[in-house]
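The values are calculated or read from the model by the stated rules, or taken from the named source; none is laboratory data. As the structure is a prediction and not an experimental result, all values here were calculated from the model. Cβ placement follows ideal geometry from the backbone for every residue including glycine, while neighbour counts extend to all protein chains displayed.
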Amino acid sequence: MKKDYVIGLCLILVIAGISGFVLWLQPSSNPQKGLTNDSLQEQFQSISGEVAGGSLSYKIEVNTKKPNSPEKIEVYKTVQPKVTKTDAIALAQKFNITDFADIKEGDEKITISTKDMRKRVMLFKNGGKYYVDYDRSDTPNGIDIAENLPSDEEAKKIATLFLKERGLLPDGAKMGGVTHEKAYKSNKSSELKTVVWEDILVYYTRELNGMKVEGTQFEVEVGGHGDIIRFFSNWKEYESVGEYPIKTRDSSVETLKQKGISAAAGPDKPDTITIDEIYLAYETNAVAYKEEYLEPVWVFKGEALKNRTSLGPVKEFVPALTDASKKSLST
Amino acid sequence: MEHMITRLSLFRGIIALLIVTCIMSAVSAANTTNATYFSEITSKDKLSTTGFEAIQQNQTECPSPTITGRLLICRSNESVIAVYDRHGRKIFTAEDLKKGASENVLSQFSTHVNERVYGSNLVERAINGQFDQVKITFEQYLSYIETGYWDPPTPAGWAFIGDEEDTSMYWEPDDWSSGSHSDYHAAVFFSHYGHRSGIQTTLDASGGQYIRIAVGPKGDNPLEIFLDDILIGNITDNFSIQQFDISSRSWTTTSILKIVAAGGSEEWGTGSLVENISLMASDSLSDPVSMFDGNPLFGNAPLNVSFTDTSTGSPTSWNWSFGDGGISTLQNPSHVYTMAGTYTVSLTAMNAAGSNTTVRSGYVNVTAPAQTAFYVYAEGVGMYHGTQNDLSLGNQTPGHFYNLINGQCGSVDTEKCWYGRGIYLDDNAGSVHWSAAEQASSYADNADFSVFVGHGWNNGIVFGTQNSALELSRSNMQFGGNRAKWVTFFACDVLNQSSQSNWESVFNGVHIVNGFDTHGLLYEGQGIKYAQKLTGDGAEDRTAIRDAWRETLQETINKEYIKGAYMWANPCGSDYLPGFGDYCSAPTKGGQGDYDITWRNFNCTIS
């Protein structure tokens, strides 16, 4: 009996050990792709000197598990859209803008405004769309107030239906969530603040190759009575060009050390930056900037602290492609 | 119904009888009257004989009145003693007839029948009275005047004066006053065998002189045209217009044009027509002397100037040149000068005798519209953030913004223009250009729109390239007042929600403050983009100041942890850059001297 007990215990330990080993070998899912169960409490000692353009001195604490560091990653080339004034007019019509005075076209975008300039669409040549009702967006108007807003779930449905009906919801867009956008009014001599405007921002996220596309902007603002009062998308088309070697996690950490943390600049001068999450992702450029390919990045996510008090979130991106990969892609 | 038809038939019969009676009377007059009379009428006069009645009843004044056409001729023993016009006004008397009568005319007069009125007296009268331009004496046998009716169309280019009931001859001195007939000296119509005919004398711009004669039926023989008894041509066709050049002929204002239509036939009737026409104006007609006034003569564009013709010599047409390419042929035109400048105005006044031009150099002075000056200020601290890939953005961003706003005049209100108050880049000296401590007029305190690009925190901004450089808290900044109505901080955290109430203290006239609620980052082209949105340059449509800020960040920042923010004093939240759209005149106070301030942050990216 005692022998059986010992054998059973050994078997359990072996199975647990094997299971643990297998799990350690398997890559994790986004956003912690590449993370292992192996807890890493890596701490950077104080960094001082000309790190961030000033006499910075702060400590970086990494409080997250050590991520896996794949040798290669799928890289996507950006497909530059071809947009015309006709496309811009079609976009305007989706938002019932038909009475416009002029179409302005530049290198970056095509803009159509209503004659009274109160509504506008933009079609970005780098892949993006924009609609705004200036009389409603960010402007207290008596309509966009809490009591007129749909519920969050209703807002999601309204936004999604609106986009689908107009062919504006691309494949791959995933519901991200909602936030309540608010404007606060206060009297100069009073501490009392009241919400004078509110809408619901419904946003969508994007993944490629099982990894998050950072910088994606795809949002719809739902105002009072379920009206769509603003829409903005920075959504580019990509095509895979194969796998390319990337920098290791450790080398990206070294880069981060040299580069510093942008949030560490400024008069508040945090004494500590915590890194609570490290993962591989892609980073898309803002819509104003051209993009040759979708950049893989190491993402360091955490907080800036001063006297253990949070000064705000920190999110630093370190480009992951090796120089050779970049050179190869550019040619 | 039958009763009505009967009454209608009776009515028609009465009308027909009246017409026949009238025609018979006319024919009778044609056969029995052999008086020649002198007739004058203007287009303003209506044919009326009501004025005759009083004269006719005055046997002493007019013992034997005879109405001929629209003249009342008073005779005594078959001699004309006075002639009245249709309004009862005495035109002249027998004594008048003796005045100024030339032998030539008298001779001609004597060749006609007894009751002829001496025409030259009437000419004089017209000169001193109603008519002051071309004068034509007109004589004709009455028999050909009152015998017909108008039926042919008016010859092209000729004016018909009067109504169809007026079968008398008349002439129209004002006929050539319109532009298209400015060179017509006179046009005369008369009825010849019941058809319209006419005579027109013409001076063209090059000095050519013509007589144009239009005839209905010419009669059996060609019309003979005499100038001072010299035959100058014939008209052989019915219903034709023929022109005779008299440029090479010597003629004077007393020359007589005579048209003789002689002969008779069954078709055209018998009798002859002799027309004597004094070709040209009186001796008093001469070239006009052009002169004009304008009002106002100076002011800002657009300047509407009213010009008044003060020419003498009775011009009949005018050519104005306003000096900016504008012209007019009106007598008293108005002209709008849209561009600043000094303009020379000229007027050419013309009449039958000639033309005269007056040029007034530098007569109108138009100044540029009154501009309202606005000022932009920008300051940039280099080495913005050590983590950014381009450390020069701290200078580029304010530089681009400043240079694109400075010198711009509004697209909506062109009278509002922007000038530079100053730009300070990479200011190692640590000057406090936003502080009350420095009152220099070139600093942010005295600009309408101030931009700071550099380090910031939730209670102020930092100057210099070093983070330890001089800090300036918002309590020491001088916004509002006379200037700094719109302020933008490309600086971290200046509008943190947690310190919203701190910034409310700066709202002493500030309309809008743009900034970041969180950490902020600079990206290439933000200064350009922001300025272009404000002014509507490039592919941008002009955008309100708050919206321009949000859109600039939205299009350039892909970091989800960065939030922009703005505060505004009501009702200035929708302000455009002055000149490029509406903006509020001043923030309103919410009560008890306090402003209502609204704060709002927004995600640049959310993913």
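Among the residues in the stretch B:304-319, are any closer than 30 Å to B:Tyr583 by Cα, in a strand (DSSP E or B) and out of contact with any Leu (no Cβ under 9 Å at 6 or more places or on another chain)? Yes - at least one qualifying residue is present in the stretch B:304-319. Of the residues A:Ala288, A:Ala324, the single one that is part of a loop (DSSP other than H, G, I, E, B) and either more than 30 Å from A:Met122 (Cα to Cα) or not hydroxyl-bearing (Ser, Thr, Tyr) (or both) is A:Ala288. Of the residues that sit in the stretch B:401-421 and are hydroxyl-bearing (Ser, Thr, Tyr) and under 29 Å from the mean Cα position of the chain (by Cα), which one is modelled with the highest pLDDT? Per the stated criteria, the residue is B:Ser411. Once the stretch B:371-393 is narrowed to residues that are under 15 Å from B:Ile528 (Cβ atoms) and within 14 Å of another protein chain (Cβ to nearest Cβ), the residue that is modelled with the highest pLDDT is B:Gly380.
The residues on offer are A:Ile228, A:Ile261, and the sole one that is of a type in the set (Val, Ile, Thr), within 7 Å of chain B (Cβ to nearest Cβ) and crowded, with 19+ Cβ neighbours inside 10 Å is A:Ile261. When restricted to residues that are closer than 15 Å to B:Asn295 by Cβ and surrounded by fewer than 20 Cβ atoms within 10 Å (Cβ to Cβ), the stretch B:334-377 contains 4. When restricted to residues that are out of contact with any Ser or Thr (no Cβ under 9 Å at 6 or more places or on another chain), within 8 Å of chain B (Cβ to nearest Cβ) and buried (at least 19 other Cβ atoms within 10 Å of the Cβ), the stretch A:84-111 contains 3. No other residue among A:Asp276, A:Asp323, A:Asp271 is in the same structural domain as A:Tyr58 (by TED's automatic domain parsing), surrounded by fewer than 20 Cβ atoms within 10 Å (Cβ to Cβ), in contact (Cβ under 8 Å) with a residue 60 or more places away in the chain and over 22 Å from the mean Cα position of the chain (by Cα) apart from A:Asp271.
Residues considered: B:Leu534, B:Leu577, B:Leu553. Of these, the only one that is more than 8 Å from chain A (Cβ to nearest Cβ) and over 44 Å from the mean Cα position of the chain (by Cα) is B:Leu553. Consider the stretch B:556-571 and keep the residues that are farther than 26 Å from A:Ile261 by Cβ and surrounded by fewer than 23 Cβ atoms within 10 Å (Cβ to Cβ). The one that is farthest from the other protein chains (Cβ to nearest Cβ) is B:Pro571.
Let's see how each residue does on (1) over 22 Å from B:Glu551 (Cα atoms); (2) aliphatic (A, V, I, L, M); (3) more than 8 Å from chain B (Cβ to nearest Cβ):
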residue	(1), (2), (3)
A:Leu123	no, yes, yes
A:Asp138	no, no, no
A:Gly142	yes, no, yes
A:Glu147	yes, no, yes
A:Ser151	yes, no, yes
A:Ile158	yes, yes, yes
A:Leu169	no, yes, yes
A:Lys182	no, no, no
A:Lys193	yes, no, no
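Restricting the stretch B:580-601 to residues that are more than 7 Å from chain A (Cβ to nearest Cβ) and either more than 54 Å from the chain's Cα centre (by Cα) or of a type in the set (S, T, N, Q) (or both), the residue that is surrounded by the most Cβ atoms within 10 Å (Cβ to Cβ) is B:Asn601.
Quick check on the stretch B:485-507. Is at least one of its residues outside any strand (DSSP E or B), under 49 Å from the mean Cα position of the chain (by Cα), among the small types (Gly, Ala, Ser) and assigned by TED's automatic domain parsing to the domain that holds B:His455? Within the stretch B:485-507, none of the residues are outside any strand (DSSP E or B), under 49 Å from the mean Cα position of the chain (by Cα), among the small types (Gly, Ala, Ser) and assigned by TED's automatic domain parsing to the domain that holds B:His455. Tallying residues that are modelled with pLDDT under 95, within 27 Å of B:Ser498 (Cβ to Cβ) and more than 8 Å from chain B (Cβ to nearest Cβ) within the stretch A:195-217 yields 1.
Taken over the stretch B:492-504, the criterion of being in contact with a helix residue (DSSP H, G or I) (Cβ under 7 Å, 6 or more places away or on another chain) and modelled with pLDDT under 75 is satisfied by B:Asn502, B:Trp503.
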